[in-house]
Amino acid sequence: MKIMVHRPDGSIEAVRGEDGLSVMEALRKAALVEGECEGALACASCHVWIEPEWADRLPPPDGAEEDMLDVAFNLKPTSRLSCQIMLTDQLDGLALRIPASG
Ligand code: FES
């Protein structure tokens, strides 16, 4: 499956994902996010903006994810922590943006 990633510089990269990986793990393999805490909801370095057409197709964030998102920079209504989104075949083509840092 593919994840369509819009980089901060405007370029788009198709990142290969696998069933059972988190979105963060796929993005980290491509050096697009850091994922410092390995998905333990302790860093927010895996923050992404989900494209609006995909936002409602994901399971909503739970309270722990929302608490950690509060410390992320550049929050938007479709902000998510990519370590909390597990890849399935239904997410083939998922489109997201990497927030500009700072
Ligand atoms: S990898 Fe740390 S919160 Fe997602």
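The values are calculated or read from the model by the stated rules, or taken from the named source; none is laboratory data. It should be emphasised that the depicted structure is a prediction, and the values quoted were computed from it without experimental measurement. Don't worry about glycine lacking a Cβ; one is built from the backbone with ideal geometry, like all the others, and counts go over all protein chains shown.
Scan A95, A42 and give me the residue that is at negative phi and either at pLDDT below 95 or within 13 Å of the ligand (Cβ to nearest atom) (or both).
The unique qualifying residue is A42.
Is at least one residue of region 64-86 on the phi > 0 side of the Ramachandran plot, of a type in the set (S, T, N, Q) and within 16 Å of the ligand (Cβ to nearest atom)?
Checking region 64-86: at least one residue is on the phi > 0 side of the Ramachandran plot, of a type in the set (S, T, N, Q) and within 16 Å of the ligand (Cβ to nearest atom).
Pairs under 7 Å by beta carbon, first residue under 11 Å from Q84 (Cα atoms) in region 24-40, partner within 12 Å of the ligand (Cβ to nearest atom) and among the aromatic types (F, W, Y), six or more apart or different chains?
Partner pairs satisfying both residue conditions: none exist.
If I go through region 4-29 residue by residue, how many of them are surrounded by fewer than 14 Cβ atoms within 10 Å (Cβ to Cβ) and under 18 Å from S101 (Cβ atoms)?
5
Give D92, D70, D62 a once-over and let me know the one that is of a type in the set (D, E) and surrounded by 11 or more Cβ atoms within 10 Å (Cβ to Cβ).
D92
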